[in-house]
Amino acid sequence: MDLRAVLMGLAFAFMWSSAFTSARILVELAPPLTALAVRFAASGTLAMLIAWYMGQNFQLTRGQWKATIVFGICQNALYLGLNFVAMQWIQASVAAIVASTMPLIAAFLGWVIFREKLAPLALLGLLAGVAGVSIIMAGRISGEGIDITGVIFCVIGAFGLAIATLSVRGALAGGNMMMIVGLQMWIGSIILGIIGLATETQFLIFNQSLVLAFSYTTLVPGLAATFIWFALVARIGAVRASVFHFLNPFLGVAVAAVILGERLGFMDVIGVAVITGAIIMVQMSKNPTS
């Protein structure tokens, strides 16, 4: 892995992890689902314009359309929608920690749904992941309290993200990848827009924080991180690129602590370390020669 790949991986991990902090700011200034729907519409339009400039089109295979729809529903509407709603009640660091368990959930679902065999190390990793989340939540509950409804929403969202990750296999073959990125964002935008307009009290606190948070979450986690991720996978492969996901638990908590002033306690550090170790164990079990 060369220096350029390392820098790309670090940039991706930071962008992906910082999305929770920008989302936490956004939901305080606008209704979460409606704001997210507008964000997806903006990101999706930009992605499709870029795809058109690259010579891509809407001619997807049946498998690509199916994967795109599943991905749009599970990642954008379910995962991000529930996380945005949950961050009205819980801290960004808590949402980031729960979301960081996605690789563990994906491994579990792969075992249950696709009958993929798990090595003993992977099973140990799954148990360690549950233990890590438990350590953090126990510390938060005993220290300052935590909204259980918000945590449940994040857990359901993490399962949705895991399903979306498993479904992406069907979207990889056939080209038009950037067009697929834009289309799945628009699917999320339509679903969340309808739900948001029907259920939310519409308000808008228009200030500099809103503009910065919306612009950042649209351009950086929404588009730039996606571009860097695909470029990184093309450069070093998916297995080696996935190593940088190990940084997400730590970075998600650290960014929230620096930008939002959220508490970072000893139990948080221990829990994040356990979760990171659990993800590493699951990944090592898939590729024991790495």
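The values are calculated or read from the model by the stated rules, or taken from the named source; none is laboratory data. Keep in mind that what you see is a predicted model, and the values were worked out from it rather than measured. Cβ atoms come from the backbone with ideal geometry, glycine included; neighbour counts cover every protein chain shown.
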So which residues in region 203-234 are over 13 Å from Thr21 (Cα atoms) and in contact with an Asp or Glu (Cβ under 9 Å, 6 or more places away or on another chain)?
Ile205
Listed residues Gly44, Gly9; which is in a helix (DSSP H, G or I), within 14 Å of Leu223 (Cα to Cα) and either modelled with pLDDT under 85 or of a type outside the set (Lys, Arg) (or both)?
Gly44
Any pair with Cβ under 7 angstrom, 6 or more apart, that starts in region 101-130 at a residue that is in a helix (DSSP H, G or I) and ends at one that is charged (D, E, K, R)
Gly110/Glu116
In region 202-290, which helices (runs of 4 or more DSSP H) lie fully inside it and hold 3 or more residues that are modelled with pLDDT of 80 or more, closer than 22 Å to Ile135 by Cα and within 21 Å of the chain's Cα centre (by Cα)?
248-260, 266-286
Regarding region 97-120, can at least one residue be identified that is of a type in the set (Val, Ile, Thr), touching a Phe, Trp or Tyr at 6+ places or on another chain (Cβ under 8 Å) and buried (at least 17 other Cβ atoms within 10 Å of the Cβ)?
yes
Among residues of region 47-57, those that are touching a Gly at 6+ places or on another chain (Cβ under 8 Å) and part of a loop (DSSP other than H, G, I, E, B), counted:
1
Mind checking which residues of region 75-118 are farther than 12 Å from Ile156 by Cβ and of a type outside the set (A, V, I, L, M, F, W, C)?
Gln75, Asn76, Gln88, Gln91, Ser93, Ser100, Thr101, Pro103, Gly110, Arg115, Glu116, Lys117
